[in-house]
Each structure stands twice: as C-alpha cells, then as structure tokens.
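To start, the structure under review is shown below, and the notes come after it.
Read the figures in this text as sums done on the coordinates, not as results from a lab. Just so it is clear, the structure is predicted and the values come from calculations on it, not from any experiment. Here the Cβ positions follow ideal geometry from the backbone for every residue, glycine too, while neighbour counts run over all protein chains shown.
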Amino acid sequence: MKLEEVRKEIDQIDEQMLNLFLRRMDAAAQVARIKAQTGQPIYNQRREQEILDEVTKKAGAYAAPAKILFQTMMDVSRALQHNLLGGGKELREQIEHADAAPLRERVDAVIACPGTKGSFSSLAAKNLFPDSTLAFYPRFYDVFDAVKKGEATFGVVPVENSTAGSVEEVYDLLLKHRFFIAGEEMLPIDHCLCGVPGATLSSIRRIYSHPQGLNQCRGIIDACSAEAVACDNTAIAADLVAKERDPANAAICSAQAAQKNGLVILKKPAQDIGGNTTRFIVISRTLIIEPEADKISLSFSLPHVTGSLHRILSRFAACGLNLTKIESRPMENSRFEYLFYLDFTGSARAKDTLSLLCALSGDLPEFTFLGNYAARRESGETADI
C-alpha cells in the first residue's frame with residue numbers, strides 16, 4: 001500500500017472519530033442534565049477508573065496511549081458538565097465582584113515590607129504604591145502576620161530571583177495563609193559588597209546578607225575567603241554591619257541601604273551573574289482584579305492517580321493558556337503530599353478561562369484561586385533581596 005493510500009485511510013478514520021467524539025460530548029451533556037435532576041456529583045472517580053481499566057485491558061500493545069486518549073475525553077466531558085451546570089458558582093461570584101480599583105490609587109493604604117528603609121521592599125513597594133505609607137517588619141512571617149491582623153492593607157515580598165530561584169519561605173507562607181496576589185513588580189538586582197569606613201576586601205572575614213543574596217554573590221564570598229552569615233534581610237544585614245563597626249564584617253545589600261547606614265561600597269556589582277532580576281508580589285486579604293490584569297496564580301493538590309499532573313496541565317494547553325511557573329511545596333501535616341503553585345497568562349474574566357478555573361475547583365481535591373493581576377516588565381531601577 002502506498003503512503004497516499006494510507007493517509008487517505010487515516011483521514012477517513014479521523015472523520016469517523018470526530019463524529020463519534022461529537023456524539024460522546026452530546027451524551028455527556030445529557031448526563032449533566034440527568035445529574036442536575038438527581039443531584040449526583042459530576043465527578044465519579046470509580047466509574048472513570050473502571051472505564052480506564054477496561055480500555056487498558058482491551059487495547060493490548062496500545063494500552064498506554066489508549067488510556068491517555070480516554071482520560072482526555074473524560075476530562076473534557078467533565079469540563080463540559082461543569083460548564084453546563086454552572087459549576088464553581090462561588091468562584092464565579094468571587095471573580096465577578098472583585099475590587100477593580102488600581103493599586104496606584106490606594107493612597108491611604110499601609111504597605112508591610114520586610115527589612116528596613118533602603119531594602120528591595122521599599123523600592124518595589126514605592127513603585128507599586130507611590131503615595132502610600134510603608135511599614136517595615138523584620139521577617140517575611142511578620143509581613144504576612146501584619147496583613148492577617150489588619151495592621152497593613154497589603155504586603156510586598158519577593159517570590160523568586162532569576163539567579164537563585166524561588167524564595168521558598170514566601171511560597172510556604174502564601175500557601176499557608178491563602179492570601180490573594182493583587183500585583184507584582186520586577187526589578188533588576190544590583191548587589192553591593194559594603195563595609196564600614198576603613199574596611200577593605202582583604203580585611204573581610206564575615207559577609208552578612210539574606211540567603212538569596214548570599215547565593216547570588218558566591219564568587220565574591222569565596223574570593224574573600226569569608227564566612228557567609230544569613231540574615232532575615234539584606235537591609236538588616238547592612239544595619240548590623242554599621243552597628244558593629246568591625247572592618248572584618250561586610251554586608252551584601254543595595255546601594256540605598258549602604259548610604260543609609262554610612263557604609264562604603266567595596267565592590268559593585270557583587271553578584272555572580274548579570275541581568276539578575278527579582279520578582280515581588282503584593283499580598284492582600286481581599287481579591288483585587290485590576291482592569292489590565294493578565295496573569296493568574298492558583299494552587300491545587302492532585303489525586304493520587306498516575307499522570308494526574310499531565311492531565312491538568314494539558315487542559316491549560318487546550319485553552320491556549322501559557323504557563324509561566326509551576327512550583328511544588330510540601331503540604332502541612334501530611335507525608336509526601338504536595339501543593340502545586342501555578343502561574344499562567346490570562347484573564348479570569350475571559351469565558352473559557354473562567355470555565356476552566358471553575359471546572360478545576362470542582363475536580364481537584366484542594367483548589368485555591370490566588371489572584372489575577374497585571375504582569376510587570378522589568379523596571380529601570382535596581383534593588384536587592
């Protein structure tokens with residue numbers, strides 16, 4: 001048989017498969033109406049597993065791809081049922097009634113930031129809230145606690161760096177509190193190695209900074225044969241070095257923090273890699289979706305079924321949504337179970353995207369919509385972490 005003849009046969013089979021798929025989706029719609037009348041849940045895990053077991057048994061050498069095909073059909077059928085039955089009603093209403101006032105217009109807000117004046121947080125927060133009041137707290141934990149207690153309207157914290165990766169503590173706190181993300185800021189990082197007047201590179205024996213700052217500046221630490229000492233924040237590290245006034249101590253911090261504390265810059269830039277950028281997020285107790293919001297964050301857990309992550313991610317691909325980050329973190333009080341954090345581009349108010357979110361909220365064991373906000377490009381100003 002010639003190639004063209006085989007292709008013609010494939011085209012005929014594909015047409016038959018399409019017609020069968022359309023019939024299956026029509027049948028799924030009928031199932032949705034029956035379930036609505038009888039009050040049955042949309043997701044029936046036992047029935048789906050029985051179908052997959054039977055498919056695997058009958059498909060022989062093609063068992064694995066046949067299973068993927070039928071899993072996908074069941075996923076899209078379930079999504080159709082959720083859509084027809086208005087699934088995720090609570091989430092729909094939450095998104096529809098979200099506050100839309102831009103962050104920059106919130107002049108009366110108090111913004112909680114980690115560290116002290118001169119840290120990355122003050123610069124990121126001022127970019128986002130130019131007319132608001134900043135309140136400084138020593139640790140990331142304290143920032144979240146301030147927002148939780150209502151001491152601050154919003155918090156600004158770093159979540160990832162292009163060189164050192166994710167700030168895991170912040171992700172853990174975000175998933176613990178389930179605050180909303182109301183905005184983000186991207187800043188290029190320009191670290192400085194700073195000491196007290198009279199200090200030199202040869203006099204340095206200890207270098208203080210946040211663990212991320214230390215990771216980003218390994219080269220200069222090794223060159224000085226210095227001990228790396230972790231602090232809660234780079235600006236706090238600068239404060240400590242200034243107070244101790246020991247030429248053997250140095251801090252990796254911003255130029256602003258050095259100037260504020262009367263330190264001299266011994267090396268700038270101090271980071272190992274150029275183009276270093278940190279992403280910061282705005283945390284909020286209330287959902288805010290600005291008109292230009294084009295990035296969505298959510299968290300979820302997965303059923304203990306083979307291929308469950310692939311199945312979830314394929315549903316985003318089917319909607320044409322671009323995933324920009326996926327992070328897994330251990331769940332509290334569990335053994336080897338994880339929450340997934342996901343960022344992707346899109347608007348929660350778009351019909352198809354909202355339908356997907358609502359369907360996932362009903363399908364997954366644990367699901368939290370964390371926010372829809374405006375993605376930021378890099379600012380021209382620099383900060384540290």
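Observations on the structure shown:
- Between the helical axis of 3-38 and the longest alpha-carbon principal axis of the chain there is an angle of about 80 degrees.
- In order along region 49-56, the Karplus-derived 3J(HN,Hα) couplings, from 6.51 cos²θ - 1.76 cosθ + 1.60 at θ = phi - 60°, round to 5, 4, 5, 5, 5, 5, 4, 4 Hz, and Gly and Pro are given as x.
- By definition, a body whose alpha carbon gyration tensor gives a ≥ b ≥ c is oblate when a/c is 1.5 or more and a/b is not larger than b/c, and region 1-85 fits this oblate description.
- For Asp75, the shell of other residues with beta-carbons less than 12 Å away shows a net charge of +1, using +1 for Lys and Arg and -1 for Asp and Glu.
- By the rule of a C-alpha distance below 20 Å, with chain neighbours fewer than 8 residues away ignored, the lysines paired with Lys57 are Lys67.
- Taking every C-alpha pair closer than 8 Å and separated by at least 6 residues, the mean separation divided by the residue count of the chain gives a relative contact order of 21 percent.
- Once both labels are positioned 7 Å from their Cα atoms along Cα-to-Cβ, the gap between Leu18 and Leu201 label points is 6.7 nm.
- The mean of 1/r over all distinct Cα pairs in region 192-267, once inverted, gives the Kirkwood hydrodynamic radius of 11.4 Å.
- By the count of neighbouring beta-carbon atoms within 10 Å, fewest first, Lys149, Lys260 end up ordered Lys149, Lys260.
- For the residues Glu366, Glu160, Glu332, a GNM of the chain with alpha-carbon springs under 10 Å puts the largest fluctuation on Glu332.
- Neighbourhood charge, 15 Å Cβ-Cβ cut-off, centred on Ala318 and excluding it, Lys, Arg +1 and Asp, Glu -1: +1
- Under 23 Å of direct C-alpha separation, and excluding same-chain neighbours fewer than eight residues apart, Lys243 reaches these lysines: Lys117, Lys260, Lys267, Lys268.
- Taking Arg329, Arg46, Arg205 and counting other C-beta atoms within 10 Å, the order from fewest to most: Arg46, Arg205, Arg329
- Residue-averaged 222 nm ellipticity for the chain, from DSSP H runs of 4+ at -39500 (n - 2.57), nearest 500: -13500 deg cm²/dmol
- For region 219-278 versus region 26-73, the gap between their alpha-carbon centres in whole angstrom: 58
- Charge context of Leu20, other residues only, Cβ under 11 angstrom, K/R +1, D/E -1: -1
- The ranking of Arg349, Arg311 from fewest to most other beta carbons within 10 Å of each one's beta carbon is Arg349, Arg311.
- Loop chymotrypsin sites (Phe, Trp or Tyr not before Pro), region 272-349 (other Cβ atoms within 10 Å of the site Cβ: 14 or fewer; DSSP): Phe336
- Between amide H atoms placed 1.01 Å from N, distances below 5 Å from Asn276 occur with Ile189, all of them 5 or more places distant or on a separate chain.
- Relative contact order, whole percent, for region 192-267 stands at 49, derived from Cα pairs under 8 Å and 6 or more residues apart.
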